[in-house]
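Have a look at the structure below before the remarks.
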Amino acid sequence: VPEAEIRLMGLIIALIVLTVVAVTLQLIFSTWDHYFAGIFKMLASTCFILLCVTSGGIYSAYGVAILIGLVLSWWGDLFLISKSQVIFMLGLVAFFLAHVAYCVAFISYEADLYPALIALGVLLIPGAFLVHWLYPYLGKMRFPVLSYMAVITLMVALGAASAYGSSHLLILVGAVSFYCSDIFVARDRFVCESRMNARVGLPLYYLGQILLALSVIYAR
């Protein structure tokens, strides 16, 4: 194994470990000070951008689209530190655009129409339950949240199709992890504030982003 590859693998592992440590510290300090914990949140989010670049995200159309999605997610994470509804809207827009970028990435990488439609049909089932659950709590946020749910559902469907076409399950697991993490974000913002939301949602979110960042290796 060339020495350069060993160094590259070491850097990738170090970034993953640093992300895990930062997320852990965020969860610990969130009970003490929400904004101080945000420092560790942004450190973790910076790590997944660096992970994508290190893994070769600038060397393919798929990788660049994933990288753009990760950068937009970084801004979404920054905005979501605030408790303000106006700033939350900015975060929602940032993540909406991130999912558009992921959709573009998956379309460019083996996502055929037929498996995407099958996946979309399957996802309509949990999607209907989630809409039924959240709708009474959304108030004026109904249109933005439902629009966001539509784009993240499309993202997962295209991710499934891309994983099917390329045989790389990393893409599917990453997309599904992101989708599941957002259920806990919605629960915390609209239904019931609870530490459990972050304890489950944050690891799922960063798992999803790490896997999507690593998936660019396939397209190098």
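The values are calculated or read from the model by the stated rules, or taken from the named source; none is laboratory data. No experiment lies behind these values; they were computed from the predicted model shown. Virtual Cβ from ideal backbone geometry, glycine too; neighbours counted across all protein chains shown. Just the protein is used for accessible areas: all its heavy atoms, side chains included, with ligands, DNA and RNA removed. Shrake-Rupley method; radii C 1.70, N 1.55, O 1.52, S 1.80 Å.
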Exercise for review: With runs of 4+ DSSP H residues as the only contributors, calculate the mean residue ellipticity of the chain at 222 nm using -39,500 (n - 2.57) per run, divided by the residue total and rounded to the nearest 500.
Suggested key: -28500 deg cm²/dmol
**Study point:** Relative contact order %, the range 94-220, counting alpha carbon pairs below 8 Å whose residues are six or more apart
**Key:** 27 percent
Point to revise | the chain - accessible surface per residue (Å², probe 1.4 Å) | key: 50 Å²
Check your understanding: In the range 92-203, what percent of the accessible surface is made up of carbon and sulfur (1.4 Å probe, ligands and nucleic acids excluded)?
Key -> 72 percent
Review point. Taking a label point 7 Å from the Cα of GLU5 along the Cα→Cβ vector, which residues of the range 44-86 have an amide N closer than 18 Å to it?
Key: 54-57
Exercise for review: Determine ³J(HN,Hα), in whole Hz, for all residues of the range 174-188 in sequence, where each value follows from phi through the Karplus function 6.51 cos²θ - 1.76 cosθ + 1.60 and θ = phi - 60°; x replaces Gly and Pro.
Suggested key: x, 5, 5, 4, 4, 4, 5, 5, 5, 4, 6, 5, 5, 4, 6
Point to revise | Using a Förster distance of 30 Å, the FRET efficiency for VAL53-ARG199 (Cβ separation, nearest 0.05) | key: 0.55
Practice item. For the range 20-29, just list the computed ³J(HN,Hα) in residue order, Karplus coefficients 6.51, -1.76 and 1.60, θ = phi - 60°, integers in Hz, with x standing in for Gly and Pro. Key: 4, 5, 5, 5, 4, 5, 4, 5, 5, 7
Check your understanding: For CYS192 and VAL21 in one chain, what is 0.36 nm times their gap in residues minus the Cα-Cα distance, to one decimal in nm?
Key -> 58.9 nm
Revision key, fill the gap. Note to self: Kirkwood Rh of the range 1-101, Cα pairs, one decimal, Å, is 14.6 Å
